[in-house]
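Chemist: Quick one: the structure is below, and I'll ask about it shortly.
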Amino acid sequence: MTHPILELQAADTMADQLKHRRDHLPEREQLQSAKNALVRWNEARMVTRRQVEEFGATIEQAEADSKDIDRHLERLAAQMKTVIAPREAEALQHEIATLHQRRSELDDVELAALEEQARLDDELSVMLAQEESLTAVYIAADKETNEAETDIDGELARIVSRLETLRAAVDKKWLKKYDRLREQHMVAAATLSGSRCDGCHLDLSAAEIDTLREEAAQGGLSDCPQCGRLLAP
């Protein structure tokens, strides 16, 4: 007949294994991978959108500066019509040439910004087209993870509901020692298989086996001389 403490250990072991499975679900790894992909996508989208906006601001500034120059050039052109002194005319011509050069530079800046903005707009369009598929993968992974967790939680609940009954069937003296050993080892109670402790997997000497069986005959359990676990022959 199986000793009650071994049934308790079997239930606790099953619960430990289920908890470990729950903590290391492959579905959760897939969910995290899908989440990471979404996070990376969102970060890239935000960076690209910000760059588009920055180039837009560059274009607006270049256009505004160009309009200011155009207005200045109009004033200088009107002023040239009234200038008589050669030196003043030369100074105005130099200023006009400088403004035209600046205007040309602004045109180059605006053109480059427009080209880069167009390229980034294309990239952004491609990114936005990926959102639906990335979200679908994440939702599917989340559903699979929840289903796997629910299955395990159901098994755990059934085991937990049995633990109180199993613990009540164990002598309080052994239960106290069992709980103390459980804090040190996942397996606190084991069987003696031939000459080997199933807890530490070490062989006991013939004398140790005889002593163990004598103690077990009196109280139903003994201690493994190798690892200290509770042993049931």
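Chemist: Of all residues in segment 178-221, count the ones that are within 17 Å of Leu8 (Cβ to Cβ) and not in a helix (DSSP H, G or I).
Modeler: Count: 11.
Chemist: Okay, next question. Among the residues of segment 18-31, write down those that are surrounded by 13 or more Cβ atoms within 10 Å (Cβ to Cβ) and either touching an Asp or Glu at 6+ places or on another chain (Cβ under 6 Å) or assigned to a helix (DSSP H, G or I) (or both). Talk me through it step by step, then tell me what you get.
Modeler: Taking segment 18-31 first, the residues surrounded by 13 or more Cβ atoms within 10 Å (Cβ to Cβ) are 18, 21-22, 25, 27-28, 30-31.
Listed by number, the residues that qualify are Leu18, Arg21, Arg22, Glu27, Arg28, Gln30, Leu31.
Chemist: Would you confirm whether any residue within segment 44-66 is of a type in the set (Lys, Arg), at pLDDT 95 or above and exposed (fewer than 12 other Cβ atoms within 10 Å of the Cβ)?
Modeler: Yes, segment 44-66 has at least one match.
Chemist: Answer with yes or no whether Glu74 is surrounded by 15 or more Cβ atoms within 10 Å (Cβ to Cβ), out of contact with any strand residue (DSSP E or B) (no Cβ under 6 Å at 6 or more places or on another chain), farther than 30 Å from Leu175 by Cα and of a type in the set (Asp, Glu).
Modeler: no
Chemist: A further question follows. What about Leu231, is it crowded, with 17+ Cβ neighbours inside 10 Å, aliphatic (A, V, I, L, M) and not in a helix (DSSP H, G or I)?
Modeler: Working: crowded, with 17+ Cβ neighbours inside 10 Å: yes; aliphatic (A, V, I, L, M): yes; not in a helix (DSSP H, G or I): yes.
Judged against the criteria, Leu231 is a match.
Chemist: Another question, if that's okay. Are there any pairs with C-beta distances below 8 angstrom linking a residue in segment 48-77 that is under 9 Å from Glu110 (Cβ atoms) to a residue that is in a helix (DSSP H, G or I) and modelled with pLDDT under 95, with the two at least 6 apart or on different chains, and if so which?
Modeler: Going by the 8 Å Cβ cut-off, the qualifying pairs are Ser66/Arg103.
Chemist: Condition test on Glu115, is it at pLDDT 95 or above, part of a helix (DSSP H, G or I), outside the structural domain of Asp203 (by TED's automatic domain parsing) and loosely packed, with under 12 Cβ neighbours inside 10 Å? Step through it out loud before you land on a result.
Modeler: Numbers: at pLDDT 95 or above: yes; part of a helix (DSSP H, G or I): yes; outside the structural domain of Asp203 (by TED's automatic domain parsing): yes; loosely packed, with under 12 Cβ neighbours inside 10 Å: yes.
Yes; evaluated as a whole, the condition is true for this residue.
Chemist: Here's a follow-up. Give the residue, chosen from Ala37, Ala11, Ala78, that is touching a Phe, Trp or Tyr at 6+ places or on another chain (Cβ under 9 Å), in a helix (DSSP H, G or I), of a type outside the set (Asp, Glu) and not assigned by TED's automatic domain parsing to the domain that holds His185.
Modeler: The unique qualifying residue is Ala37.
Chemist: Is it true that Leu163 is surrounded by 12 or more Cβ atoms within 10 Å (Cβ to Cβ), over 30 Å from Gln51 (Cα atoms) and of a type in the set (A, V, I, L, M)?
Modeler: It is true that Leu163 is surrounded by 12 or more Cβ atoms within 10 Å (Cβ to Cβ), over 30 Å from Gln51 (Cα atoms) and of a type in the set (A, V, I, L, M).
Chemist: I'd like to know if segment 144-153 contains one or more residues that are within 29 Å of Arg71 (Cβ to Cβ) and crowded, with 16+ Cβ neighbours inside 10 Å.
Modeler: The answer is no, given that none of the residues of segment 144-153 is within 29 Å of Arg71 (Cβ to Cβ) and crowded, with 16+ Cβ neighbours inside 10 Å.
Chemist: Assess whether Ile69 counts as being surrounded by 14 or more Cβ atoms within 10 Å (Cβ to Cβ), at pLDDT 95 or above, in contact with a Lys or Arg (Cβ under 6 Å, 6 or more places away or on another chain) and closer than 30 Å to Thr98 by Cβ.
Modeler: It is true that Ile69 is surrounded by 14 or more Cβ atoms within 10 Å (Cβ to Cβ), at pLDDT 95 or above, in contact with a Lys or Arg (Cβ under 6 Å, 6 or more places away or on another chain) and closer than 30 Å to Thr98 by Cβ.
Chemist: In segment 192-223, how many residues are closer than 14 Å to Trp174 by Cβ and in contact with a strand residue (DSSP E or B) (Cβ under 8 Å, 6 or more places away or on another chain)?
Modeler: Final tally of qualifying residues: 6.
Chemist: Now for a different question. Quick one: what pairs do we get from segment 112-124, first residue farther than 22 Å from Glu43 by Cβ, second hydrophobic (A, V, I, L, M, F, W, C) and in a helix (DSSP H, G or I), C-beta under 6 Å, 6+ apart or different chains?
Modeler: Every condition considered, the pairs that remain are Ala113/Phe55; Ala113/Ile59.
The values are calculated or read from the model by the stated rules, or taken from the named source; none is laboratory data. Owing to the predicted nature of the structure, the values given are computational and were not obtained by experimental measurement. No Cβ is skipped: glycine too gets one built from the backbone with ideal geometry, and neighbour counts run over all protein chains shown.
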